[in-house]
1. Could you estimate the translational diffusion coefficient of the range 179-230 from the Stokes-Einstein equation, with Rh from the Kirkwood formula over C-alpha pairs, at 4 °C and 1.567 mPa s, in whole µm²/s?
2. Show me the trypsin sites (Lys or Arg not before Pro) within the range 48-121 that DSSP assigns to loop and that have at most 14 other Cβ atoms within 10 Å of their Cβ.
3. Cβ under 12 Å from residue 181's Cβ, residue 181 left aside: what net charge do those residues give with Lys, Arg +1 and Asp, Glu -1?
4. Tell me, how many Å apart are the Cα centres for the range 105-119 and for the range 140-185?
5. Give the separation of the Cα centroids, the range 426-496 to the range 370-421, in Å.
6. Can you give the extra length, in nm with one decimal, that the chain gains between residue 342 and residue 408 once fully stretched, where that is 0.36 nm per residue apart less the Cα-Cα distance?
7. Rounded to the nearest 500, what is the 222 nm mean residue ellipticity of the chain from helices alone, with -39500 (n - 2.57) per DSSP H run of 4+ residues and division by all residues?
8. Spin-label point model (7 Å from Cα, Cβ direction): what's the residue 77 to residue 481 distance in nm?
Amino acid sequence: MDARLDDLSVPVRRRLWRYLLFTSYAILLFASGALVALAGAAIYYVNSKPDLSVWHTADLDEEFTASSDVATLAEYRALEDRLFAELRREVYDKVDRDERSQFNRYTAGSRSDPDIWKPNWNRTFEYATPGAAFGVLLLHGYSDSPYSLRGFGALLRGAGAHVLGLRIPGHGTAPSALKYTSAEDMTAAVRLAMRHMKSVMGDKPVLIVGYSNGAALALNYDLEAVEDASLPVPAGLVLISPEIAVTRAAAYANWQARVGDLLGLDKLAWSSVLPEFDPFKYNSFAVNAGEQAWRMTQKLRTRLDQLAADGRLGEVAPILAFQSAVDATVVANAVVTGLFERLPAGRHELVVFDVNRIYEAQGLLARQIDLEHVLSGPPRAYAAGVVTNRDPTTFDVVLESRAAGEEAASTTPLGLAWPANIYSLAHIALPFAPDDPLYGNDRLSENPGIRLGTLALHGENGTLSIPPTMMTRQRWNPFHSFMVEKVRQFAADRVAAAH
């Protein structure tokens, strides 16, 4: 290249160098402009968000991590005691006076204060049942708490189970905890909990009931147990709104936080900053949580791929899964394509809750739902059912179902009906009964504080601190009794199969 330049005349070489310098300057100017534009967009985005509060910024040191020197459930709960004492000091005691209100969960004694519930369902709980026939580990979802599965805990305790409701690391305290918690921290806690259940139950079967991210943790643990003989093997999995896949945008969520670190903009660590009025669920959501959810789904896909290559998917524990046909949190169809259609025969069953077809017939649903592939086509290795309107002119629902290996579907009346004002279920609705004291629609159920299932206020846009979408999202399941019976029978079948 140098020799070629030497062959050029001096004027030509000068023009060439000017061109190269101009091009380099243009590239540098463009890069600088892009950086300025990025910074400007970040600043605009940040300024559009509410100011952060102490529950967004508190750094809680007593949380469990994968590297914690904690080996038993007793040690885990002792650490949890220290964590909640730290939460009191670093958050509750530091809330600004002007932020205290009757609907702030971090205002002591408010209607949203978790401590007015007995017990505080943000904590790990255990039901020790004398002579228990089986064990159950409950794993809640992201930004959630053990409250979400307390109803199933009581149900299965009544059926003879020893029940452990685990508080997943990063949850039940302050939203800031999810800025730091990793998928590895959560999986380590599940392994610890299952070892505890094995120590309590011995050779008796243990089931895992997981909701949302808890369902992903349950499935991930079972896939680990297939590969690792040192891990106790679950007798079955109940997966509710399972997090099998999330939108790909979640994979890049933490880049927002990294830009925030670079520019010193703490608000960029958050995908949403909302009032904290729910005693048992964070409303604000850290971008790290989105990335960790995506990482968990990648762990599942990698393990499923490896077990498929090894010919060991037949060793996966029997699965009973429930999914809403529409889901704004996870990719709903992934439970079919990413899980059930990959599994060989193994006593697996999928139940899908359809939308209210009356609203579709009236042309009010923006999204057209196609569930034909669940019940049609060649026989599947799993049983499948769809809870749907008997026809588009009635609120009455039936179960359209097809057994594993069968071509024909059958119809079973359920004696249940859609409430007239509900057009679909939601990701957050499936675990909760209509009479749930917090999220249900029964105004007479015993409740010491706020009721969220009946929260529907009307007025002018932009007036309330609670976003309208949080008041319209369905929070309870009108078909919960059907779901409960399916879970009860699944548990009974797993216990019978163990003998």
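1. Details: Rh = 11.8 Å.
The estimated diffusion coefficient comes to 110 µm²/s.
2. Numbers: sites: 77, 82, 88, 89, 94, 97, 100, 105, 111; in loops: 100, 105, 111.
The qualifying sites are 100.
3. Details: positive: 167, 179, 295; negative: 63, 184, 185, 291.
Charge balance near residue 181 sits at -1.
4. 18
5. If you average the Cα positions of each part, the centres end up 23 Å apart.
6. Numbers: separation 66, 0.36 × 66 = 23.76 nm, distance 2.11 nm.
Full extension from residue 342 to residue 408 adds 21.6 nm.
7. Numbers: 13 runs with 177 residues, N = 499.
Rounded to the nearest 500, the figure is -11500 deg cm²/dmol.
8. Placing both labels 7 Å along Cα→Cβ, they lie 3.5 nm apart.
Laboratory data are not the source of any read-out in this text; all were calculated from the coordinates shown. Keep in mind it's a predicted model, so treat the numbers as computed, not measured. All Cβ positions, even for glycine, are placed from backbone atoms using ideal geometry, and neighbour counts span all protein chains on display.
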